[in-house]
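Chemist: Here's a structure for you.
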Amino acid sequence: MRQRKNMWLLLGLLILLLVIAGVQLWTADKEENQIPRDTMKKTLESRYAGSITSIVLVDEAGKAAYKSVLQGKTGTYEIRADAYSGHILHISPLQIHVNHPSEPAPVKPSDPAKPQSSENAAYGISLEQAKAIALKQVEGVFDGIEIEEVGGAAVYEVEVNTPNGQEVKVQVDAHTGVVLSVLWED
């Protein structure tokens, strides 16, 4: 009886040691695969054509992420990126610089896989481009534009008044220029 107790005790200790060793190996492996801070900074600066003014490692819902502030020609933005894959988790404007009418931009949504120009540092398209995309979708007169966050993604909400007096809201993806929705109001 005593031998059985000792055997179970030894088996329990062995299992505990294996679990501890596995956890240490797993966490050490994750730290090795983490993208270095300087590499992430260079990647973000080349992707969004701006200057990273700060970058820190944070816990984002239990996962390591880089929280950075990018200063670009169109404004200042907070970017959160996965520390292991580099995927962008969230981009939000901190301060937007609106294009002046004297600086027209061509209406051409950008390819999200390509680096952005300095004109579109944080978003793939400008406010003027979003306005033009919406007016191609719905015939009418431009009434206003707002930048919103929908499901963690930046979206331009463009308001258009139609010739028959209806108000239409066109949601345009701020990174790709894709029309996400058209809402005809009564």
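Chemist: Residue by residue through region 61-69, what is 3J(HN,Hα) from phi via Karplus (6.51 cos²θ - 1.76 cosθ + 1.60, θ = phi - 60°)? Round to whole Hz and write x for glycine and proline.
Modeler: 6, x, 10, 6, 9, 9, 9, 10, 10
Chemist: How many nm is it between the label spots at residue 78 and residue 33, if each spot is 7 Å from the Cα in line with the beta carbon?
Modeler: 2.8 nm
Chemist: Grab the beta carbon distance between residue 54 and residue 162, set R0 = 41 Å, and tell me the FRET efficiency rounded to 0.05.
Modeler: On the way: r = 45 Å, r/R0 = 1.09.
My answer for the efficiency is 0.35.
Chemist: Evaluate E = 1/(1 + (r/R0)^6) for residue 85 and residue 3, where r is the Cβ-Cβ distance and R0 equals 45 Å; express this FRET efficiency to the nearest 0.05. Let's see the in-between values first.
Modeler: Working: r = 51 Å, r/R0 = 1.14.
After rounding, the FRET efficiency stands at 0.30.
Chemist: Taking the highest mean first, how do the peptides 1-9, 176-184, 130-138 order by number of other beta carbon atoms within 10 angstrom per residue? Don't skip to the end; give the middle numbers.
Modeler: Details: 1-9: 8.3, 176-184: 14.3, 130-138: 19.1.
Those peptides, ordered most packed to least, come out 130-138, 176-184, 1-9.
Chemist: For residue 84, enumerate residues with amide H under 5 Å from its amide H, sequence gap 5+ or separate chain, H modeled in the peptide plane.
Modeler: Those lying under 5 Å, H to H, from residue 84 are 35.
Bear in mind these aren't lab numbers, they're just calculated from the coordinates by the rules spelled out. Predicted model, so just to flag it, every value in this text is computed and none were measured. Quick reminder, even Gly has a Cβ in these numbers, built from the backbone with ideal geometry, and neighbours come from all protein chains shown.
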